[in-house]
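Single-structure report; data block below.
Please treat every number below as a calculation from the coordinates, not as lab data. Model, not experiment: these values are computed from the prediction. Cβ coordinates were reconstructed from backbone atoms using ideal geometry, including for glycine residues, and neighbour counts include every protein chain displayed.
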Amino acid sequence: MSELLTVAMPKGRIFEEAVELLRRAGYPLPPEFDDSRKLIIDVPEAGMRFILAKPMDVPTYVEHGVADIGVAGKDTMIEEERDVYEILDLQISECYMAVAGLPTYKKSNDIAPKVASKYPNLAASYFREQGEQVEIIKLNGSIELAPLIGLADRIVDIVSTGRTLKENGLVELEYIVPITSRLIVNPVSYRMKDTVIDEMAEKLARVIEEGEQQ
Ligand code: PRP
């Protein structure tokens, strides 16, 4: 286990908000965080190493202990079901998971109508709970294409501003679950480095609370 506290950060839409939150909590993240292709950034003065991963992979790095902690969307946590602790709701990157489709969508008589998603486990468990049998088609992005070109009747995807749905003439059919980013921790790291991890969670919680009061 590294001496440095290793933090897995999700590249992409959560990244900027997570960096800002850490800076507000007093962590001196260098300008490299704003414009770099580096995948590992050490901040020795804070005793930290950051690894920049694909959002869906953050819980994997944390579960395997190569990162002590990480920032992961609740969407990823539900989809991946990794053996990690979720210790703080960072309340950033708020969005929600929904079922969407064409405005003309009508329940079909197919035995298993097709649903496209980047979240096959989450989608499957949602439809199972609803008692509806569907065939899930896994895609890796641009999910909104699927109903437009007839690959699937519906999609299960994240809605943030709602712009992607609107600009592609799709509508929300069902709300599934609210999503925010979470601070996640490897269980062994939490035993070995509890002081520094708790300190970080407390600092972040304070900043989040201040933000709520503004
Ligand atoms: C996400 C999501 C939607 C879109 C929703 O995609 O899958 O497509 O954002 O955001 P909106 O409601 O603000 O329009 P992302 O941009 O992460 O890329 P992806 O399509 O490659 O998954």
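Just a few scattered comments:
- Gaussian network model of the chain, Cα within-10 Å springs - most flexible of Ser93, Ser181, Ser142: Ser142
- Karplus-based coupling profile of the stretch 168-182, in residue order and whole Hz: 10, x, 9, 10, 7, 9, 8, 8, 9, 7, x, 10, 9, 8, 10, with θ = phi - 60° in 6.51 cos²θ - 1.76 cosθ + 1.60 and x standing for Gly or Pro.
- Other-chain or far-sequence residues with amide H under 5 Å of Val43's (modelled H): Met48, Arg49, Phe50
- Per residue, the convex hull spanned by the Cα atoms of the stretch 1-137 amounts to 137 cubic angstrom.
- Kirkwood Rh and Cα Rg combined as Rg over Rh, evaluated for the stretch 95-177: 0.92
- Phi to ³J(HN,Hα) by Karplus 6.51 cos²θ - 1.76 cosθ + 1.60 over the stretch 90-107, Hz, x for Gly, Pro: 6, 6, 10, 6, 5, 6, 8, 9, 9, 8, 9, x, 6, x, 8, 4, 9, 3
- Taking the stretch 95-177 and dividing mean pair separation by its residue count, relative contact order in percent (alpha carbons under 8 Å, at least six apart): 50 percent
- Sites counted here are GluC sites (Glu not before Pro) in a DSSP loop (not H, G, I, E or B) having no more than 15 other Cβ atoms within 10 Å; the longest part of the chain that contains none of them is 133-214.
- The chain: most fluctuating residue of Asn121, Asn109, Asn186 per GNM, C-alpha cutoff 10 Å: Asn109
- Listed residues Leu39, Leu52, Leu102, most fluctuating in the chain (Gaussian network, C-alpha, under 10 Å): Leu39
- Computed over neighbours whose Cβ is under 12 Å from that of Thr6, the net charge equals -1, Lys and Arg +1, Asp and Glu -1.
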